[in-house]
1. Using a Gaussian network model of the chain with C-alpha springs under 10 Å, which one of Arg269, Arg57, Arg298 is most mobile by mean-square fluctuation?
2. Choose one answer from Ala282, Ala97, Ala312: the residue with the largest mean-square fluctuation in a GNM of the chain with alpha-carbon springs under 10 Å.
3. Report the residues of the range 254-295 in range of a label on Arg326: point 7 Å along Cα→C-beta, backbone N strictly under 16 Å from it.
4. Would you list the P(r) distribution for the range 25-131, with all Cα-Cα distances sorted into 5 Å bins from 0 and each bin expressed as a whole %?
5. Please identify, among Thr91, Thr289, Thr279, the residue showing maximal mean-square fluctuation in a Gaussian network model of the chain using a 10 angstrom Cα cutoff.
6. Applying 1/(1 + (r/R0)^6) with R0 = 25 Å to the Cβ-Cβ distance of Ala156 and Ala231, what FRET efficiency is obtained, to the nearest 0.05?
7. How far is it, in nm, from the label point at Lys108 to the one at Lys60 when both lie 7 Å from their Cα along the line to the Cβ?
8. A 29 angstrom limit on the alpha carbon distance is what I want to check against. Which of Lys117/Lys151; Lys60/Lys315; Lys60/Lys188 exceed it?
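Throughout, read-outs are computed from the coordinates displayed, never taken from laboratory work. Source: prediction; values computed, not measured. Glycine gets a Cβ as well: all are built from the backbone with ideal geometry, and neighbour counts include every protein chain shown.
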Amino acid sequence: MSLTRRALLGFSAAIVPIHHRITQEPLRREGSGVGGTMYLGTYGDGIGIARYDAEGRITKTGTIDVPDPSFVIREGNFLYAVNEQDAGAVTAIDISASPRMLNRQPTKGSGPCHLAKIGDHQLTANYGSGDIAVHPINPDGSLGQQTDLVKHEGSAPHAHQVVQAGEYVLAVDLGTDSLYAYTLATGKLTLQHQAKLATGTGPRHLVLHPSGQYAYVADELNSTVTICGYADGVLTPLSTLPTAPTGPQNYPGEVLMSADGRFVYVTNRGHNSVAIFRTDGAGLEPIGTPSCGGDWPRHAAFDPTGGLLFVANQKSNNVTTFRVDRTTGALTQTGDFSTPSPVCVNV
């Protein structure tokens, strides 16, 4: 598979060293006291810091100067970001007060694009080199030296996501059309199972049903979502559905699930929409594809209440806010926030 992540995005970035400058504008409190803090992953422009209020209105408050932080997660008082460059790395930041850089560790792979805290380790998916890196997390939140690097076998592996599923670590690989299940012990990954999807599917991200019995996979290259059964580290493909009507070429981005397990959402890059499905677990029923309010919806996230959905539109440089009808699953756009190259939103 010759398709590269950078070619798909139409993006070419120079490799630059990490900077330790952090800027933060004073927080504006008007209308934002009952909201929360939002961190925005980007290409090239650092991690954006913003506040959002109960209505989903977003106000910029600062920037953390980190190179190509295309995926960002928050764990308590710490923020972790990939540095998606040829010489990949992951950065640890203390956010207990003013953001403070802790350290940066190389992933020993290229193009890291996703990461997850699993136990006392940070795991990173390296897209370009098709492998999973493991770093221990020190008591102060900083990252220790790498303890493992597991390469996916195939002609063009492209690891795209890593998530925890009980005692297992699940990894999604777009290039090998595979879903892997590992166990993690003493900083080492051991492969337990590999599920193959149809050639050319291009699995990107998955989300688990709250029951733990099903997973839903956003398939980037054939514009579908795959339903899988799940038990004890084994993913079993069951069926697939298109995520967008026929028309422009489309590449699904993020897949999310409502907390009650009733609705699945998939962002559509190309069709520029959010596909909404009703689910009973084993099946999906399409119920709509409303506009994402921008161009190239790369990522999306619910606020902690589940009543708001934020969508990061990479090419139109905006984050849109949607009110979620938790009875019907419907989305209503209520806000639009301009910001450079948003590719990940963490709330």
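1. Arg57
2. Ala97
3. 257-264
4. 3, 13, 22, 22, 17, 11, 7, 4, 1, 0
5. Of Thr91, Thr289, Thr279, the most mobile in the Gaussian network model is Thr279.
6. For Ala156 and Ala231, the calculated efficiency is 0.25.
7. Label at Lys108, label at Lys60, 3.9 nm between them.
8. Lys60/Lys188
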